[in-house]
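Undergrad: The structure's right below; bear with me while I get my questions together.
Please treat every number below as a calculation from the coordinates, not as lab data. It should be emphasised that the depicted structure is a prediction, and the values quoted were computed from it without experimental measurement. Note that we place each Cβ from the backbone using ideal geometry, even for glycine, and neighbour counts take in every protein chain shown.
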Amino acid sequence: MAREEQSHMVLDQIARQIMECHRCPLYKEATHAVPGEGSMVARVMFIGEAPGEQEDTLGRPFVGRAGKVLDSLLTGSGLGRNDVFIGNIIKHRPPGNRDPKPDEIIACTPWLEQQVNAIRPPLLVPLGRHAARYVLGRMGVEFLKITDISGTVFEGEPFGFPQKVIPVLHPAATLHNPLSRGHLEEDFRHLGELIRTMGP
Ligand code: SF4
């Protein structure tokens, strides 16, 4: 069976399990689970924090205002949604978009771990401090502020095989702080260049 077909089957199965998951209380107030979507053989996987209101309504990741920013940043890097996989560390929306609690992150991230292992992307891009803290934490890297490490290339084996990890600001940051837009655009341009040098 081709790798894409196999990855498709595994990701479908994970998504179905996420839709029935009751490992933490977040499913109770959510409308839809948001497992994530994109290429089954993506070379880059974007990892956000958790679904917001629009994502909860539609069951799709990054479809609200922050999603429009992400789409535009992807275009600037020469990538489209079909080239990448977009997911979150938390699959059901926290009420009122509050920060995820540590025990919710512990409960939910085994799903992400399974998704990363199905797709095996050589490059991970955590979006914002919560996703960055989770992924870099798996590599033993700690940081105080996401702005201190945004755009830095880390290399390691956060999920048991070699990957590059480039944490960046969350696209929603640009909605409150227009200055962060320039930083993100630059980080995404570098990201596009890095992916092109990685070859097929
Ligand atoms: S947020 Fe994650 S752990 Fe909690 S119920 Fe949803 S899928 Fe399960």
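Undergrad: Cut-off under 24 Å on the C-alpha distance; same-chain residues fewer than 8 positions from Lys28 excluded. Which lysines are left, in chain and number order?
TA: The reachable lysines, counting only those whose Cα sits under 24 Å from Lys28, are Lys91, Lys101.
Undergrad: Okay, next question. What's the FRET efficiency of Lys28 with Leu144 using the Cβ-Cβ distance as r and R₀ = 41 Å, to the nearest 0.05?
TA: 0.75
Undergrad: Nearest-5 percent of antiparallel DSSP beta bridges in the range 3-198?
TA: Percent antiparallel among DSSP bridges in the range 3-198 is about 30.
Undergrad: Follow-up question, since we're still on this one. Please give the direction-averaged projected area of the C-alpha convex hull for the range 3-198, in square nanometres with one decimal.
TA: In nm², the orientation-averaged hull projection of the range 3-198 is 10.0.
Undergrad: Here is a follow-up. Only Cα pairs within less than 10 Å get springs; with that Gaussian network setup on the chain, which residue of Gly38, Gly160, Gly128 has the largest fluctuation?
TA: Largest GNM mean-square fluctuation: Gly160.
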